[in-house]
Amino acid sequence: MLQFELTPQQKELQTKVREFAIKEILPAVWYYDEKGEIPLFLLQKVFEAGFMNTDIPKKYGGKEFGLIENVILTEEISAVCPGMATSIFDNSLGMVPIYLCENEKLREKYLPLIVREFKRICFATSEPTMGSDVAGMRCLAEKKGNDYILNGTKYWITNAGVSDYMTIFATIDPAKQHEGICAFLVEKNWEGVSVGKTIPKLGQRCSNTAGLNFKNVIVPEENIIAQPGKGFVLAMNTFSRTRPSIGAFAVGAARSAMEYAIDYAKKRKVFGTKISNFEAIQFKIAEMYQKVETSRLLVWKAAWEADQGMDPSISASIAKFYATETALEVVNDALQIFGGYGYTKMFPIEKLLRDIRLFSIYEGTSEVQRLIVSGHVLNNYKSAMPPLEDLPMIRGLDLNEPSAKKVTAWRCRMCGHIHYGAEPPDECPYCFFPKTAFKKVWPVG
């Protein structure tokens, strides 16, 4: 039986996070958006409030929240600042490969530290010359004894400049593509690790993004997350678990833009009446609400599948590209409702527009998500309807008549013409294909 109602505990979490975000985060982020800096003190407040690293298993001292709880939390943070939501969530992204890997000693060493202390961990697959093409990475890992030596650069890395630990994906040989990829947990203070200058961005300016460089960095055997050949699958499994959260970013930001637009439309007067009384505005608001609601349902479905131990890959991709693209439509319509005021920095819409634009790019572009979904539909999806060549489109018989069962119907596999008779015609009267083009479709079976 389907159940769309949140549990009392989930509703309580939603209320607590919402109140915290509006009180603590909302007033502070505008200053840091102007400066293009991450407000670390806000991340610390989130950590101290218990809204960070919530997915760490209880075995290691965590709360072991499911993905449903995490997308609820993420939506509320993103509603006040998508950039802050990105940096908070990045800790989970950095830790997921550790949860999923086979190295139990690594989990026992690092996860309790992240629970107890205000430690940040980032996730790095992207490089200056590759993003969605994970198999194309060039950062090299050379085996030396039981350890590895890292050399190369990672780029576009969220929280790179403020992280204590790094989940690094590299390759033993770029020519090996998928089969050469491995993963490691690297500490920022290790010799040979360098962090680049903060990358200046259009939006998400409250989230730190920078490059990482490795020069002969020695990674001990105990810090191997995935051996060569297992890293690519680990990265893909990580994305399957984390993409619903990107959808939740979009839902929160879109919801916020919609709510601001509703408030404005109810108060702004033109031509002697509130603009909310105009059908054009009403239609925009209706469509905005529709997109927010449908996006949230897709996100929750993907998160639920992950929590049930199912493979959420396809649902996660659908949620990711649908929610992120409709969020951009919602905020664009919100700006249109605000008119010139929405284009200024005195109102919140321009920041939401800048912040939302990134969602359809990072963690797999919308185009990559479409490739994933189309690959599934074309190769794995099982149709319920019969193939076209077997389709019994019996327009020339009343199947309620007993005599209809004694008549044979043949379908031309080229043009679809239905011929009635004991044998198919020598030639189709429409497309002129021969007798062999016909297939019996009635009686069925």
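Read the figures in this text as sums done on the coordinates, not as results from a lab. Every value quoted in this text rests on a predicted model; they were computed, and no experiment measured them. Quick reminder, even Gly has a Cβ in these numbers, built from the backbone with ideal geometry, and neighbours come from all protein chains shown.
Any chance you could list the semi-axes, whole Å, largest first, of the equivalent ellipsoid that the Cα gyration tensor gives for segment 232-379, using √(5λ)?
Numbers: eigenvalues 230, 41, 28 Å².
Ellipsoid half-lengths, sorted descending, are 34, 14, 12 Å.
Inter-label distance, Ala49 to Lys143: 4.7 nm, where each label sits 7 Å from its Cα along the C-beta direction. The share of Cα pairs per 20 Å bin across the chain, counted from zero up to the longest distance, runs 23, 45, 21, 11, 0 percent.
How fast does segment 307-400 diffuse by Stokes-Einstein, in µm²/s, taking the Kirkwood radius from C-alpha pairs at 25 °C and 0.890 mPa s? Show your work: numbers first, answer last.
On the way: Rh = 17.1 Å.
It comes out at roughly 143 µm²/s.
Dipole of the chain computed with +1 at Lys/Arg Cβ and -1 at Asp/Glu Cβ about the Cα centre; of Ala319, Met52, Ile38, farthest Cα towards the positive end is Ile38. Charge dipole (Cα centre; +1 on Lys/Arg Cβ, -1 on Asp/Glu Cβ; no other charges) of segment 122-229 amounts to roughly 480 debye.
For the chain, relative contact order (Cα pairs under 8 Å, six or more residues apart, normalised by length) works out to 13 percent.
When segment 122-229 is described by a simple charge dipole with +1 on each Lys and Arg Cβ and -1 on each Asp and Glu Cβ, the residue from Pro174, Ala141, Cys122 located farthest towards its positive end is Cys122.
Computed about the Cα centre, the dipole magnitude for segment 406-445 is approximately 200 debye when only Lys and Arg (+1) and Asp and Glu (-1) carry charge, each at its Cβ.
Between 0 and 90 degrees, the angle of helix 40-49 with respect to the longest Cα principal axis of the chain falls at about 70 degrees.
Which of the pairs Lys105/Lys301; Lys35/Lys63; Lys45/Lys215; Lys274/Lys351; Lys11/Lys58; Lys16/Lys267 have their Cα atoms more than 31 Å apart in this structure? Exceeds cut-off: Lys105/Lys301; Lys35/Lys63; Lys45/Lys215. Here Lys197 is the anchor, and the aspartates and glutamates within straight C-alpha reach of less than 13 Å, apart from those fewer than 8 places off in the same chain, are Glu37.
So what is the calculated 222 nm ellipticity per residue for the chain, using -39500 (n - 2.57) for each DSSP H run with n of 4 or more, over all residues, to the nearest 500 deg cm²/dmol? Intermediate results must be reported in sequence, preceding the final value.
Numbers: 11 runs with 190 residues, N = 445.
Roughly -14500 deg cm²/dmol at 222 nm, from the helical runs in the chain.
When the Cα positions of Val444, Ala409, Pro434 are compared along the charge dipole of segment 406-445, Val444 comes out farthest toward the positive end, with charges on each C-beta of Lys, Arg, Asp and Glu.
Label sites at Gln3 and Ala135, each approximated as a point 7 angstrom past Cα along Cα to Cβ, lie 4.1 nm apart. Shown in residue order for segment 331-341 are the 3J(HN,Hα) couplings computed by the Karplus curve 6.51 cos²θ - 1.76 cosθ + 1.60 at θ = phi - 60°: 5, 5, 5, 4, 5, 5, 5, 6, x, x, 4 Hz (x for Gly and Pro).
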